[in-house]
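Asker: Here it is, the structure, as structure tokens.
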Amino acid sequence: MSAIPKPGAAPALIEFRGVTKIYGQGQAAFQALDGVDLTIREGEFVAIMGPSGSGKSTAMNILGCLDSPTNGSYLFRGVHVERLSRDQRARLRRFYLGFVFQGFNLLARTSALENVELPLIYRGLARAERHRRALQALEAVGLAEWADHTPAELSGGQQQRVAIARAIVTDPAVLLADEPTGNLDTARSRELMELIAGLNRDQGITIAMVTHEPDMAGYAGRLVHFVDGRVDSDEPNPHRR
Amino acid sequence: MLWNTLVLALREIRRNLMRSFLTVLGIVIGVAAVITMVTLGNGATVMVSEQISSLGSNLLMIHPGKRMGPGRDTSGASNFRLADAEAIARDVAAVRAVAPTSSAGVTAVYANENWSTTVTGSSGDYFTVGNWTLAEGRAFNAAEQRAGTAVCVIGATVRKQLYGGQDPIGTKLRMKNFSCEVIGLLQSKGQSAMGRDQDDTIVMPLRTVQRRLAGNQDVGSIMVSVRDGADTAKAQSDIERLMRERRHIAANEDDNFNVFDTRQIAETLTGTTRVLTALLSAVAAVSLLVGGIGIMNIMLVSVTERTREIGIRMAIGALEREVLLQFLVEAVVLSSLGGLAGILLAVAASLVLAGVMGVPFILDPAITLVAFLFSAAVGVVFGYFPARRAAQLDPIEALRHE
């Protein structure tokens, strides 16, 4: 069961209630999630860990409103996401979520600035305002002077920082990071994690991050372990870096 | 949002310039072919109309015999007399000028040159009815007509064949058993719509031809010019009634003459031109269809290539219809650009071909607009399927796509 909110604790941002996900049917059916209960509060930095096939990526997809649970409820600020239509979930992503992927997923042959501007275009912001905010976000990740460069001209670490700028440019309610350091070497990974942890610490951005590297999870305030589609352990990080 | 989509589409097209060009080539050729066909067809139609009006304005031709053309039946149809022409001029209100004509083939001789041509005997009205103007000299006068004086007005071809660069006015032209004085030279009219050389002619007073060449009092045909604005059909039926009366045709008998409105030739010929233009345009339009399929093909490839990008956009919060719109706009922009290029190509090709074929260049703005809109519509129709495929991608699958 989810923890009973302590008096004075931040309100629940994300709440999984008995979330089950089954892929396929009959003999081929595969249960990725099996009754997961999980609550993430405003301002938390949660690392979701587990071996591959443990269901952590599935959980992340549902968390990111890219997928719907087969059974159970996913409440985002009290809204039942599983009852929303495809377009309603797209709007929820547009206004409340920021994504960082393992593979960076920037638009090729498109400048860093234009990549960061992209979510603002879908929010319908005017050009000048888009420009200003995108530059601000690039500055926040330390890449203001690389604004005109395309992803091919940037290193992996720089690309991932552009991706982070793109995710935070909209001031999302939660930043979802799926193995953000998976394609980076250790030094770059550390730098990136410092950046992400800083966003949580200094700007209070709620972060949910999937990783299988204990080293990277060390930056989080809370560690959730998935095993066989269930939450195996869920506890504060005693050795937060 | 739409403006952004447009900019995005243009950027995407520029990114794959060569491929975009090859993609729209079908549209370019289709649009260019259709517009060129229609433009040249219009030019040909106008040229034909101009040639018809060079025959004479509001011209009715009255011939003996039941009908014109193949199977013409002249049995039992007597020729006209001068009095018939005079009666038409007197009794039919809408008539402007009446020219009774009698023609004969002759060989005209001047100095060492000779030339076979047709002599037409008529009144001074012949020049009015036939839209003839004189380049030099004068037409014959009333006294010469009455007397049947041996004077003649020659066409440009006759002059060229017999005189070369010499001035014909005042010279004597010999034919058969008499010679006549050349008093005038006709302004050249060129070929008729039927391809006959209208300038290969000699005109003399009717009586001169009747006496010296034909040897009878017959009038082979009567040419009538109807007043501008007057009802040609009414004039035609008035003439028919008058002629039946004069030729004593009983109520149950068919006409033994016919009144022919030259506008009918114009209508037949322009009709033929139109049908040909429509046929050729239809063939050209097939290229537009093929071009559309080309666009669909490339858009499908583009959707596959950009699956990951679509995934990113969806994760960021793009709605299904926004993704749809993006690809649709791209297809429409692509095909519209093809349409524009096609119009430019058509204008260039029509200008050149109109010059080569000697027809006037008449660009129809309506057809140009329709061709452009059609090319845009091709983009919508053939872009929709790939765009919908893009919009319905699963974002998770799309993001995972390599």
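Asker: Inspect the range A:104-127 for any residue being among the small types (Gly, Ala, Ser), touching a Ser or Thr at 6+ places or on another chain (Cβ under 9 Å), buried (at least 22 other Cβ atoms within 10 Å of the Cβ) and more than 10 Å from chain B (Cβ to nearest Cβ) and give the result as yes or no.
Answerer: Within the range A:104-127, one or more residues are among the small types (Gly, Ala, Ser), touching a Ser or Thr at 6+ places or on another chain (Cβ under 9 Å), buried (at least 22 other Cβ atoms within 10 Å of the Cβ) and more than 10 Å from chain B (Cβ to nearest Cβ).
Asker: With the condition kept exactly as written, say whether any residue in the range B:322-329 is in a helix (DSSP H, G or I) and of a type in the set (D, E, K, R).
Answerer: Yes, the range B:322-329 has at least one match.
Asker: Could you say whether any residue in the range A:225-238 is small (Gly, Ala, Ser) and over 18 Å from A:Ser54 (Cα atoms)?
Answerer: No: zero hits.
Asker: Taking interchain pairs and intrachain pairs at least six residues apart, which have beta carbon atoms under 7 angstrom, with the first residue in the range B:375-402 and within 14 Å of chain A (Cβ to nearest Cβ) and the second in a loop (DSSP other than H, G, I, E, B)?
Answerer: B:Pro395/A:Leu66; B:Ile396/A:Leu66; B:Ile396/A:Asp67; B:Leu399/A:Phe101; B:Leu399/A:Asn105
Asker: Would you mention how many residues in the range A:161-179 are in contact with a helix residue (DSSP H, G or I) (Cβ under 8 Å, 6 or more places away or on another chain) and either away from every other protein chain (no Cβ under 14 Å) or without any contact (Cβ under 8 Å) to a residue 40 or more places away in the chain (or both)?
Answerer: So the count comes out to 1.
Asker: Which one is surrounded by the most Cβ atoms within 10 Å (Cβ to Cβ) among residues in the range A:132-160 that are in a loop (DSSP other than H, G, I, E, B), in contact with a helix residue (DSSP H, G or I) (Cβ under 6 Å, 6 or more places away or on another chain) and without any contact (Cβ under 8 Å) to a residue 40 or more places away in the chain?
Answerer: Restricting to residues being in a loop (DSSP other than H, G, I, E, B), in contact with a helix residue (DSSP H, G or I) (Cβ under 6 Å, 6 or more places away or on another chain) and without any contact (Cβ under 8 Å) to a residue 40 or more places away in the chain, the top hit is A:Leu143.
Asker: Any residue at all in the range B:185-194 that's under 20 Å from B:Val48 (Cα atoms) and of a type in the set (D, E, K, R)?
Answerer: yes
Asker: Kindly indicate the residue of the range A:88-103 that is facing chain B (nearest Cβ under 10 Å) and in contact with a helix residue (DSSP H, G or I) (Cβ under 6 Å, 6 or more places away or on another chain) and also surrounded by the fewest Cβ atoms within 10 Å (Cβ to Cβ) among those meeting that condition.
Answerer: A:Arg94
Asker: Right, here's the next one. If only one of B:Val333, B:Val370, B:Val359, B:Val352 is at pLDDT below 90, assigned to a helix (DSSP H, G or I) and of a type in the set (A, V, I, L, M, F, W, C), which one is it?
Answerer: B:Val370
Asker: So which residues in the range A:74-85 are surrounded by 15 or more Cβ atoms within 10 Å (Cβ to Cβ) and free of Cβ contacts under 8 Å to residues at least 60 places away in the same chain, if there are any at all?
Answerer: A:Val81, A:Glu82, A:Leu84
Asker: Can you tell me how many residues within the range B:292-324 are within 14 Å of chain A (Cβ to nearest Cβ) and not charged (D, E, K, R)?
Answerer: Residues that pass the stated criteria total 13.
The values are calculated or read from the model by the stated rules, or taken from the named source; none is laboratory data. Keep in mind that what you see is a predicted model, and the values were worked out from it rather than measured. All Cβ positions, glycine included, derive from the backbone under ideal geometry; neighbour counts span all protein chains shown.
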